[in-house]
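The values are calculated or read from the model by the stated rules, or taken from the named source; none is laboratory data. Note that the structure is predicted; figures quoted are calculated from it, not measured. Cβ placement follows ideal geometry from the backbone for every residue including glycine, while neighbour counts extend to all protein chains displayed.
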Amino acid sequence: MIRMDSFVIKGGRRLVGAVRVSGSKNAALPCLFASLLTDEDCVLENVPDLQDIRTAVRLLERLGKKVSFQKGRVIVRKRGVLRAQAPYDLVRRMRASAVVMGLFLARLGQADVSLPGGCAIGARPINYHLKAFEAMGARIHVKEGYISAVGRMKGARVKLPFPSVGATENVLMAASLAQGRTLIENAAREPEITDLANLLIAMGAKIEGAGTDRVRVEGWFLFMAPSTG
């Protein structure tokens with residue numbers, strides 16, 4: 001086992017060349033899941049080819065989308081009726097998949113999602129997500145490793161106890177299709193929040209303040225009966 005304690009860099013030479021910067025996984029994942037908010041085609045460029053991205057693609061396909069991923073370009077198309085159940089075998093591999101809860105609640109009025117895994121940082125509960133959904137009108141039930149949520153999303157004042165990136169993303173997507181105005185206080189300010197907000201705005205959402213600790217979302221109410229398929 002090799003242990004690396006430091007990098008030794010010797011200067012004195014002019015640096016010349018070009019480097020292709022990979023897209024951010026943390027930005028790409030919520031943007032991929034945001035494609036579930038619409039039946040229109042979504043195209044994302046410069047998506048990194050990583051295991052989590054491949055898992056997200058498989059999850060989208062299981063949830064009812066047709067996905068093409070080639071050379072950093074992802075195209076997500078409608079394939080059939082959306083399913084509001086996110087299976088354990090995929091969700092457990094990737095914590096970011098928890099963000100499907102908010103968008104399914106907003107679009108279908110229900111979500112059944114396995115408790116997420118894939119986090120090597122330790123236990124980071126998703127209580128903030130669930131409390132936010134309850135404030136927006138959802139009824140939450142946790143049993144045998146699954147979170148079941150039911151309710152039509154309504155705009156609300158959501159004050160996060162901690163500026164959680166995942167919770168901010170989840171509420172952003174839920175609020176985009178909720179009925180009324182949502183104010184997210186103590187929101188996360190990371191660049192991936194701004195990237196997600198910009199995508200949602202391009203999809204028709206009305207969002208102000210992304211990148212600050214106070215984000216306002218004017219919901220565009222849309223409700224579809226959940227699929228039993």
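Overview of values
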item: Listing of strands (runs of 3 or more DSSP E) fully contained in segment 146-229 that carry 2 or more residues being surrounded by 16 or more Cβ atoms within 10 Å (Cβ to Cβ) and either at pLDDT 95 or above or among the basic types (Lys, Arg) (or both); result: 181-185, 214-218
item: Exclusive hit being more than 23 Å from Ile193 (Cα to Cα) and at pLDDT 90 or above, set Val16, Val8; result: Val16
item: Failed criterion for Glu134 (all others in (1) at pLDDT 95 or above; (2) acidic (Asp, Glu); (3) in a strand (DSSP E or B) hold); result: (3)
item: Given (1) surrounded by fewer than 18 Cβ atoms within 10 Å (Cβ to Cβ); (2) in contact with a Lys or Arg (Cβ under 7 Å, 6 or more places away or on another chain); (3) of a type in the set (A, V, I, L, M, F, W, C), index of the condition Leu63 fails; result: (1)
item: Number of the condition not met by Ser35 [criteria: (1) touching a helix residue (DSSP H, G or I) at 6+ places or on another chain (Cβ under 6 Å); (2) crowded, with 22+ Cβ neighbours inside 10 Å]; result: (1)
item: Meets criteria (crowded, with 16+ Cβ neighbours inside 10 Å and at pLDDT below 90) for Ser114; result: yes
